[in-house]
1. Here are some residues: Gln93, Gln172, Gln158. Which one is over 19 Å from the mean Cα position of the chain (by Cα) and within 16 Å of ligand 1 (Cβ to nearest atom)?
2. Within segment 138-151, identify whether any single residue is farther than 17 Å from Lys282 by Cα, in contact with a Leu (Cβ under 8 Å, 6 or more places away or on another chain) and more than 16 Å from ligand 2 (Cβ to nearest atom), and answer yes or no.
3. Only one residue in Ile228, Ile274, Ile265 is crowded, with 21+ Cβ neighbours inside 10 Å and of a type outside the set (Lys, Arg), so which one is that?
4. Filter segment 17-72 for residues that are exposed (fewer than 14 other Cβ atoms within 10 Å of the Cβ) and in contact (Cβ under 8 Å) with a residue 60 or more places away in the chain and give the result.
5. Out of segment 260-277, which residues are touching a residue at least 24 places away in the same chain (Cβ under 8 Å) and assigned to a strand (DSSP E or B)?
6. Need at least 1 residues that are within 30 Å of Asn241 (Cβ to Cβ), aliphatic (A, V, I, L, M) and modelled with pLDDT of 95 or more per element, so show me which helices (runs of 4 or more DSSP H) inside segment 1-103 make the cut, counting only ones lying wholly within it.
7. Let me spell it out: the conditions are (1) without any contact (Cβ under 8 Å) to a residue 60 or more places away in the chain; (2) closer than 17 Å to Gln239 by Cβ, and Arg162 meets all of them except one. Which number is the exception?
8. State yes or no: is Ala76 within 16 Å of ligand 2 (Cβ to nearest atom), over 17 Å from Ala253 (Cα atoms) and not hydroxyl-bearing (Ser, Thr, Tyr)?
Amino acid sequence: MTVKISHTDAIQSFFKEAAGFANDSGSTRLKTIVLRVLQDTAKIIEDLDISENEFWKTVDYLNRLGSRSEAGLLVAGLGIEHFLDLLQDAKDQQIGLTGGTPRTIEGPLYVAGAPLSAGEARMDDGSEDGVGTVMFLEGQVFDSHGQPLPGATVDLWQANTRGTYSFFDPSQSDYNLRRRIITDAQGRYRARSIVPSGYGCDPQGPTQECLDQLGRHGQRPAHVHFFISAPGQRHLTTQINLSGEKYLWDDFAYATRDGLVGEVIFREDGARGIEGRYAEMKFDFQLQQAADSAAENRSDRPRAMQV
Ligand code: MBD
Ligand code: FE
């Protein structure tokens, strides 16, 4: 027998009080959100007959998730970050705002303030010379009319051969595999890097613990992240996911999208001054025009900032 009380006037006024609606200070917006969270939480408890043990296990899980700074990882793994992209796509479609390179999730591993250079950069610190495969990554940034965009900022970041990111992996040098490149007069950017490996969630972490219970893996295909911005253009957050990867279309974070697969070409022709096998990947980006100045900027999501 299920007992349901959350819809009653008594419980609804109780939650309104708990959400601060009985006072006139604080934030009305936050009160509205918290009230909804309380109402929906109570409904989940009733409808799914959540036991006390399940409830307190969840509270403990959230504590562990936060203490390991994995909340951003879990929201990616549960597809909520991808849902935000799908929702924005649908909003754009409704107002006829289409075209350009597709967006895809940022993920939790950006660090602001990467070294800035004009036209080209070497991204890796050389610590994986002989271990990693050298990769030349280049392309052009265009506006919505197909005109090259000089002076665009290409802010890119990727994992090393072990699938880990500098800053979050303290064994790497500061800003290893993180750069900001300003496009040249032809809108071109050029990076010398190494072929990244796919990321895997910490098998001992709380995100993987949840994924295990869902019968899911926590792996991503190899990829390179991008923020692309230019005056008058709409900020673009996206990724190139590398062709030929095992997890290309089985990404635990659902970031791979049509139009975002980069063809990696392996060569061994002694060109570019590289002895032996190296990789090339060409990828162009097309931005949309910014509807207003706010659209030129990335979201205010709190991010790591190396000091
Ligand atoms: C990553 O490298 C990543 O891009 C995402 C979305 C989640 C976890 C690790
Ligand atoms: Fe990533």
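The values are calculated or read from the model by the stated rules, or taken from the named source; none is laboratory data. Note that this is a predicted model, so its numbers are computed, not measured. Positions of Cβ are generated from backbone atoms using ideal geometry, with glycine treated the same way; all protein chains shown enter the neighbour counts.
1. Values: Gln93 fails: within 16 Å of ligand 1 (Cβ to nearest atom); Gln158 fails: over 19 Å from the mean Cα position of the chain (by Cα).
Exactly one residue qualifies, and that residue is Gln172.
2. For segment 138-151, residues farther than 17 Å from Lys282 by Cα, in contact with a Leu (Cβ under 8 Å, 6 or more places away or on another chain) and more than 16 Å from ligand 2 (Cβ to nearest atom): present.
3. Details: Ile274 fails: crowded, with 21+ Cβ neighbours inside 10 Å; Ile265 fails: crowded, with 21+ Cβ neighbours inside 10 Å.
Answer to the selection: Ile228.
4. Hit for segment 17-72 is Arg64, nothing else.
5. Taking segment 260-277 first, the residues touching a residue at least 24 places away in the same chain (Cβ under 8 Å) are 260, 262, 264, 266, 272, 274, 277.
Within segment 260-277, Gly262, Val264, Phe266 qualify.
6. Hits in segment 1-103: 52-67, 71-77, 80-94.
7. All conditions pass for Arg162, except number (2).
8. no
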